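The values are calculated or read from the model by the stated rules, or taken from the named source; none is laboratory data. Worth saying up front: this structure is predicted, and the values here are computed from it rather than measured. Counting neighbours? That spans all protein chains shown, and the Cβs are built from the backbone with ideal geometry, glycine included. The accessibility values were calculated without ligands, DNA or RNA, using every heavy atom of the protein model including side chains. Shrake-Rupley method; radii C 1.70, N 1.55, O 1.52, S 1.80 Å.
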Amino acid sequence: MKVLGKKIRERRKEKKLSQIGLAEGICTQATVSKIENKNRCESLDVFSSICSKLGLSVFECLEETYEQEIDRILTNVEYLCEQVRHREAYELIYQYNLEGKFISQTTKIKFLYYRGLTSLLGNLSMKKQKNI
């Protein structure tokens, strides 16, 4: 799995642990090095134990997938639309492109819906402001 090795390294150094000290009783020093430098860990049990030893949650140390990033953006876009801030939502969603990305059909439909909605209402609000 992809992990945030930099976050692990920073917390390890805050706690004044060496890689060997962190690995003790959990895994090898080479595994800790791979986590920190290559952002990879093959065992959820090992990764969970390392996070626990550092006082971190596993979820805050996992790399966000593209779909998770899109879901987070869509939550923000939805909030902006509820606040009738369509232009801001339009500017946010148009930074992303789904071409060639593997995401669920549900996320893709939601993305396209908000992209169309914000395109229509976001551009409309920009035109109104120009005419004022």
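Inside segment 32-64, residues that are surrounded by 13 or more Cβ atoms within 10 Å (Cβ to Cβ) and among the hydroxyl-bearing types (S, T, Y) make up a count of 4.
Looking at segment 1-41, what helices (runs of 4 or more DSSP H) fall wholly within it and have at least 3 residues that are touching a Leu at 6+ places or on another chain (Cβ under 9 Å) and touching a residue at least 24 places away in the same chain (Cβ under 8 Å)?
Working: elements: 5-14, 19-23, 29-38.
Once the helices (runs of 4 or more DSSP H) in segment 1-41 are filtered for at least 3 residues that are touching a Leu at 6+ places or on another chain (Cβ under 9 Å) and touching a residue at least 24 places away in the same chain (Cβ under 8 Å), what remains is 5-14.
Can you work out which of the residues in segment 42-66 that are of a type in the set (A, V, I, L, M, F, W, C) and assigned to a helix (DSSP H, G or I) is modelled with the lowest pLDDT? Per the stated criteria, the residue is F59. The residues on offer are E91, E78, E69, and the sole one that is over 17 Å from K7 (Cα atoms), open to solvent by 80 Å² or more (accessible area, probe 1.4 Å) and assigned to a helix (DSSP H, G or I) is E91.
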